[in-house]
1. For the range 363-411, give me each residue that is open to solvent by less than 40 Å² (accessible area, probe 1.4 Å), touching a residue at least 40 places away in the same chain (Cβ under 8 Å) and assigned to a loop (DSSP other than H, G, I, E, B).
2. Check whether at least one residue in the range 372-383 is modelled with pLDDT under 95, under 22 Å from the mean Cα position of the chain (by Cα) and more than 30 Å from ILE129 (Cβ to Cβ), and report yes or no.
3. Taking only the range 139-176 into account, find how many residues are over 20 Å from ARG123 (Cα atoms), open to solvent by less than 70 Å² (accessible area, probe 1.4 Å) and in a strand (DSSP E or B).
4. Residues in the range 336-362 that are touching a residue at least 40 places away in the same chain (Cβ under 8 Å) and on the phi < 0 side of the Ramachandran plot: how many?
5. Tell me, which helices (runs of 4 or more DSSP H) lie completely within the range 1-99 with 1 or more residues that are within 23 Å of PRO184 (Cα to Cα), within 27 Å of the chain's Cα centre (by Cα) and modelled with pLDDT of 70 or more?
6. Look at ALA291 and say whether it is out of contact with any strand residue (DSSP E or B) (no Cβ under 6 Å at 6 or more places or on another chain), among the aliphatic types (A, V, I, L, M), open to solvent by less than 60 Å² (accessible area, probe 1.4 Å) and within 13 Å of the ligand (Cβ to nearest atom).
7. Which one is farthest from ALA348 (Cα to Cα) among residues in the range 257-288 that are open to solvent by 50 Å² or more (accessible area, probe 1.4 Å) and within 16 Å of the ligand (Cβ to nearest atom)?
8. Please work out if GLU329 is within 16 Å of the ligand (Cβ to nearest atom), in contact (Cβ under 8 Å) with a residue 24 or more places away in the chain, of a type in the set (D, E, K, R) and under 18 Å from LEU359 (Cα atoms).
Amino acid sequence: MTAADVQRSPSAGAPANPVAAPANGFAPGTTARAQGFASGRALRPSTKVLPEHARGHNRSLVLQTLYRSGQLSRADIARETGLTRVTISDLVAELITEGLVVEAGQREGVRPGKPATMLDLNREAFQIIGIDLSEYGTFRGAVLDLDGQILSRADLPLDGAVGPDATAAVLALAERLVAATTLPVLGIGVGSPGVVDLGGVVLSAPNLGWAGEPLQGFLAERFALPVVVANDANAAVLAEHSFGGADSDMMLIKVGHGVGAGLLLDGTPLFGSRFAAGEIGHVVVGTDGGAECVCGKRGCLETWLGTPRLDAALAAATSDAQKTTILREAGQRLGIALAPVVGALNLAEVVLSGPTHLLDGPLAAATIETLRARTMAEFHGDLTLRMTALGEDIVMRGAAVMVLSGQLGVS
Ligand SMILES: [Zn+2]
């Protein structure tokens with residue numbers, strides 16, 4: 001996908017329209033097209049839009065309502081969406097024909113008269129491939145259902161592969177996962193370390209030796225399926241929003257070998273002017289120096305918080321008190337780095353994802369204390385900080401959300 005394609009990606013409304021077709025559910029001619037992860041569009045449509053965008057938008061509205069609420073009657077959907085009964089009947093008929101919505105029995109009415117027919121999203125229509133490239137040394141993948149539950153897994157050790165060999169490993173892992181699916185595949189989602197543009201080109205991922213790697217294009221070409229490649233922390237924040245009950249104004253900090261973040265503002269993912277929003281790992285924290293970083297600067301957030309450095313420091317500590325001091329200092333540095341972000345964006349929630357033995361405890365406590373001390377209590381006092389409940393599967397599940405959002409307009 002070229003830069004021009006990126007600029008043409010839809011700015012509002014309609015997601016790609018999957019029309020029921022035998023092979024993979026997509027209309028002929030659309031199969032090989034890489035589906036960019038729509039930017040600047042709220043994840044969960046909730047209001048009506050202009051007539052020219054209305055149909056696609058209203059389809060997503062109906063699908064989204066069923067996706068989040070489960071079984072509803074046509075009248076329930078009309079009430080929830082604010083659309084007319086006639087519009088709902090029309091859209092539902094279309095969605096049933098396409099196999100995206102199914103009738104799910106009758107609700108015995110409390111009132112006399114004909115019982116209402118219940119509808120649901122056809123949760124057995126598709127499966128999704130989710131791939132996580134963020135773990136050091138191993139690519140992980142899964143087949144997921146439309147509710148983001150993992151049905152089967154596959155891992156591929158990297159054995160130091162970089163550049164084209166790393167790309168070949170992604171393709172090999174995807175091949176195994178596609179072979180493991182038992183329903184048509186809605187699409188392939190990939191969370192990659194580094195900076196990824198909206199066309200799924202990995203602009204820079206030094207650990208994997210990628211610079212300008214068109215990973216999304218390679219996958220789309222190989223599998224003739226919709227593919228979305230995005231930064232791993234940006235994928236993770238979507239998983240937290242869809243499956244972790246996260247607020248719509250929040251930031252997810254992903255701590256591993258490196259440190260990255262994903263941002264949601266008013267339910268809309270934030271990518272930034274050069275697609276590097278959330279890249280806080282190489283922001284220098286404080287003016288008092290610090291350890292030298294791989295990027296050449298001193299005292300980057302990553303030098304305080306990256307897991308290799310923290311694990312080494314803890315291993316060298318001689319007492320529990322010393323370990324607590326190390327973890328508290330890392331937490332304070334994270335708080336110092338985050339306070340201006342929380343203040344500027346008025347975030348409601350910060351979620352931490354990474355090794356629990358490092359993050360959950362003195363480190364998290366020091367982070368929230370520092371944040372509270374450095375922001376205005378009346379606007380930021382109810383800020384919460386917590387660990388993700390999604391564990392190590394967060395990136396794969398977020399990759400599935402990218403596919404769901406891009407293809408069905410639901411999340
Ligand atoms: Zn650095």
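The values are calculated or read from the model by the stated rules, or taken from the named source; none is laboratory data. Source: prediction; values computed, not measured. Note that each Cβ is placed from the backbone with ideal geometry, even for glycine, and that neighbours are counted across all protein chains shown. Side chains included, ligands, DNA and RNA excluded: accessible areas come from the protein's heavy atoms. Shrake-Rupley method; radii C 1.70, N 1.55, O 1.52, S 1.80 Å.
1. Scanning the range 363-411 gives LEU383, THR388, LEU390, GLY409, VAL410, SER411.
2. Within the range 372-383, one or more residues are modelled with pLDDT under 95, under 22 Å from the mean Cα position of the chain (by Cα) and more than 30 Å from ILE129 (Cβ to Cβ).
3. 5
4. Of the residues in the range 336-362, the ones touching a residue at least 40 places away in the same chain (Cβ under 8 Å) are 336-338, 341-342, 345-355, 358-359.
Still in the running and on the phi < 0 side of the Ramachandran plot: 336-338, 341-342, 345, 347-353, 355, 358-359.
The qualifying residues number 16.
5. Working: elements: 3-8, 51-69, 74-81, 85-97.
Once the helices (runs of 4 or more DSSP H) in the range 1-99 are filtered for at least 1 residues that are within 23 Å of PRO184 (Cα to Cα), within 27 Å of the chain's Cα centre (by Cα) and modelled with pLDDT of 70 or more, what remains is 51-69, 85-97.
6. On the way: out of contact with any strand residue (DSSP E or B) (no Cβ under 6 Å at 6 or more places or on another chain): yes; among the aliphatic types (A, V, I, L, M): yes; open to solvent by less than 60 Å² (accessible area, probe 1.4 Å): yes; within 13 Å of the ligand (Cβ to nearest atom): yes.
Taking the combined requirement at face value, the residue satisfies it.
7. The initial filter retains those residues of the range 257-288 that are open to solvent by 50 Å² or more (accessible area, probe 1.4 Å), namely 257, 266, 270, 273-275, 279, 282-284, 287-288.
In the following step, the residues that additionally are within 16 Å of the ligand (Cβ to nearest atom) were identified as 257, 279, 282-284, 287-288.
Details: HIS257: 27, GLU279: 20, HIS282: 24, VAL283: 22, VAL284: 24, THR287: 28, ASP288: 30 Å.
Here the answer is ASP288.
8. Details: within 16 Å of the ligand (Cβ to nearest atom): no; in contact (Cβ under 8 Å) with a residue 24 or more places away in the chain: yes; of a type in the set (D, E, K, R): yes; under 18 Å from LEU359 (Cα atoms): yes.
It is false that GLU329 is within 16 Å of the ligand (Cβ to nearest atom), in contact (Cβ under 8 Å) with a residue 24 or more places away in the chain, of a type in the set (D, E, K, R) and under 18 Å from LEU359 (Cα atoms).
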